[in-house]
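Asks: Quick one: structure below, then a few questions.
The values are calculated or read from the model by the stated rules, or taken from the named source; none is laboratory data. From a predicted model like this one, the values you see are computed outputs, not experimental measurements. Note that we place each Cβ from the backbone using ideal geometry, even for glycine, and neighbour counts take in every protein chain shown. Note: areas computed on protein heavy atoms with side chains; ligands, DNA, RNA excluded. Shrake-Rupley method; radii C 1.70, N 1.55, O 1.52, S 1.80 Å.
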Amino acid sequence: MASISNLGYVVIGSKKLAEWEDFAVNLLGMQVGRSEPGKLLALRLDDMQQRIIIEDGEEEDLRAAGWAFKTDRDLRAFVKRLQEQGLPVQECSKDEATNRRVENLYSLADPNGFTQEFFSGAYAAPSNQPFMSQRLRGAGFKTGDLGIGHVLIRAQDYGKSLDFYQEGLGLRLSDIIRAEVRPGYVAEAAFFHTVGGRHHSLATGAVNIPKVLGHMMVELHSLDDVGLGYDRCRAAGLNFARELGHHPNDQMTSFYVETPSGFSIEYGWGGLVVDDESWTVKTYNQFSDWGHARPGQAVR
Ligand SMILES: [Fe+2]
């Protein structure tokens, strides 16, 4: 069956393109791929032309998630399956596909207030323009078949969201975390992977946040780069939604820092890769097994 390969890009709507450029390039070590002042900022994390796209917009939130397919044939078979389920997937114009720097592009409204996009044939950067970070010392961001990272989405209706991501998009459940995060308040989130194997490319929970996007995660090859990024963000006086810590399910060591749009980026190292042949779905009762303290919260 034709399945999503990985999370290939995300699109953010923001009025703060200049702040995003400074944050992404100078603090996180990303690279500008394309810049149209006041309109668009396309960021590189690797040898693809664009991975995080900031478009002029009022949302300060996720606008679209772009899911990669290995071939056009896989993409078309997937779209046919969405249509057979009665999901109103649309073929995008050539101009829209070119703007995303892909050959073939389809879109579908997500029940949680953003657009799911499906593509094949992403544009690689010219080989004489390899990814160059001004900040990273290690081997850069961990992408490739794993995709760019993950997004955590606020579920407006948790049950319907699980159905849409599992039955609709065919994402595979990795595990569930159900934990009492404050006295009397139990939070639950479900974590989904693709055939690419990253422990989760999308997670969703009925979380009490004003935005669609709770956070997005990017992974580094080097733990030192996570620590150096932490120091740069701290020196710049940024707010940390979570201090350094570790998740028991995907084994990610990370911190969460506030982006210019107000949601967080999780900057991490050491994430688990799922092998579907041997994987067993588990339930955890803690979101973090050490660290990840919120602002002002005592270390556990
Ligand atoms: Fe995360």
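Asks: So which of Asp163, Asp157 is under 24 Å from Asp74 (Cβ atoms) and among the acidic types (Asp, Glu)?
Replies: Asp163
Asks: Given the criterion small (Gly, Ala, Ser) and within 18 Å of Phe23 (Cβ to Cβ), identify the matching residue among Ser222, Ser261, Ser201.
Replies: Working: Ser222 fails: within 18 Å of Phe23 (Cβ to Cβ); Ser201 fails: within 18 Å of Phe23 (Cβ to Cβ).
One residue alone meets the criteria, Ser261.
Asks: Taking strands (runs of 3 or more DSSP E) that fall entirely within segment 172-273, which contain at least 2 residues that are open to solvent by 50 Å² or more (accessible area, probe 1.4 Å) and more than 28 Å from Gly113 (Cβ to Cβ)? Let's see the steps before the verdict.
Replies: Details: elements: 172-182, 185-193, 202-205, 213-220, 240-246, 253-258, 264-269.
Strands (runs of 3 or more DSSP E) meeting the threshold: 240-246.
Asks: Another question, if that's okay. If you check Pro88 against the conditions, is it in contact with a Lys or Arg (Cβ under 8 Å, 6 or more places away or on another chain) and over 24 Å from Ala125 (Cβ atoms)?
Replies: On the way: in contact with a Lys or Arg (Cβ under 8 Å, 6 or more places away or on another chain): no; over 24 Å from Ala125 (Cβ atoms): yes.
Considered against the rule, which asks whether it is in contact with a Lys or Arg (Cβ under 8 Å, 6 or more places away or on another chain) and over 24 Å from Ala125 (Cβ atoms), Pro88 comes out as no.
Asks: So Ala2 passes all but one of these: (1) in contact (Cβ under 8 Å) with a residue 60 or more places away in the chain; (2) within 18 Å of the chain's Cα centre (by Cα). Which condition number does it fail?
Replies: Failed condition: (2).
Asks: Yes or no: segment 109-119 includes at least one residue that is open to solvent by 60 Å² or more (accessible area, probe 1.4 Å), of a type in the set (S, T, N, Q), part of a strand (DSSP E or B) and more than 16 Å from the ligand (Cβ to nearest atom).
Replies: no
Asks: Still on this model: Please tell me if Gln83 is part of a loop (DSSP other than H, G, I, E, B) and either modelled with pLDDT of 95 or more or under 22 Å from Leu146 (Cα atoms) (or both).
Replies: Here the answer is no, as Gln83 does not meet what is asked.
Asks: State the number of residues belonging to segment 244-300 that are at pLDDT 95 or above, within 20 Å of Glu188 (Cβ to Cβ) and of a type in the set (D, E, K, R).
Replies: 4
Asks: Further, regarding this structure: Within segment 82-92, identify whether any single residue is of a type outside the set (D, E, K, R) and closer than 24 Å to Leu40 by Cα, and answer yes or no. Write out each step before concluding.
Replies: Applying the first criterion (of a type outside the set (D, E, K, R)) to segment 82-92 yields 82-83, 85-90, 92.
Next cut, closer than 24 Å to Leu40 by Cα only: 90, 92.
Looking through segment 82-92, at least one residue is of a type outside the set (D, E, K, R) and closer than 24 Å to Leu40 by Cα.
Asks: Moving to a separate point now. Might you check whether a residue that is modelled with pLDDT under 95 and either in contact with an Asp or Glu (Cβ under 9 Å, 6 or more places away or on another chain) or closer than 21 Å to Arg232 by Cα (or both) occurs anywhere in segment 62-73? Show your work before the answer.
Replies: Taking segment 62-73 and keeping what is modelled with pLDDT under 95, we get none.
Scanning segment 62-73 turns up no residue that is modelled with pLDDT under 95 and either in contact with an Asp or Glu (Cβ under 9 Å, 6 or more places away or on another chain) or closer than 21 Å to Arg232 by Cα (or both).
Asks: Within segment 24-31, identify whether any single residue is open to solvent by less than 10 Å² (accessible area, probe 1.4 Å) and not in a loop (DSSP other than H, G, I, E, B), and answer yes or no. Spell out the reasoning first.
Replies: Within segment 24-31, the first condition is being open to solvent by less than 10 Å² (accessible area, probe 1.4 Å), and the residues that meet it are 24, 28-30.
Next, only the ones that are not in a loop (DSSP other than H, G, I, E, B) stay: 24.
Yes: one or more hits.
Asks: Inspect segment 155-170 for any residue being within 16 Å of the ligand (Cβ to nearest atom), in contact with a strand residue (DSSP E or B) (Cβ under 7 Å, 6 or more places away or on another chain) and assigned to a strand (DSSP E or B) and give the result as yes or no. Walk me through it before giving the result.
Replies: Here is the first cut: in segment 155-170, the ones within 16 Å of the ligand (Cβ to nearest atom) are 155, 165.
Right, trim to in contact with a strand residue (DSSP E or B) (Cβ under 7 Å, 6 or more places away or on another chain) and you get 155, 165.
Still in the running and assigned to a strand (DSSP E or B): none.
For segment 155-170, residues within 16 Å of the ligand (Cβ to nearest atom), in contact with a strand residue (DSSP E or B) (Cβ under 7 Å, 6 or more places away or on another chain) and assigned to a strand (DSSP E or B): absent.
Asks: Being of a type in the set (Lys, Arg), in a strand (DSSP E or B), in contact with a strand residue (DSSP E or B) (Cβ under 8 Å, 6 or more places away or on another chain) and within 20 Å of Gln116 (Cα to Cα): is that true of Arg63 here? Explain how you work it out, then say what you get.
Replies: On the way: of a type in the set (Lys, Arg): yes; in a strand (DSSP E or B): yes; in contact with a strand residue (DSSP E or B) (Cβ under 8 Å, 6 or more places away or on another chain): yes; within 20 Å of Gln116 (Cα to Cα): yes.
Yes.
Asks: Just need a number here: residues in segment 170-190 that are under 25 Å from Val79 (Cβ atoms) and in contact with an Asp or Glu (Cβ under 9 Å, 6 or more places away or on another chain). Please lay out each step first, then the result.
Replies: To start, the set of residues in segment 170-190 that are under 25 Å from Val79 (Cβ atoms) comprises 170-174, 190.
Okay, now just the ones that are also in contact with an Asp or Glu (Cβ under 9 Å, 6 or more places away or on another chain), so 172, 174, 190.
Counting residues in segment 170-190 that are under 25 Å from Val79 (Cβ atoms) and in contact with an Asp or Glu (Cβ under 9 Å, 6 or more places away or on another chain) gives 3.
Asks: Something else: Answer with yes or no whether Ser161 is open to solvent by less than 20 Å² (accessible area, probe 1.4 Å) and farther than 21 Å from His215 by Cα. Working first, answer last.
Replies: On the way: open to solvent by less than 20 Å² (accessible area, probe 1.4 Å): yes; farther than 21 Å from His215 by Cα: no.
No.
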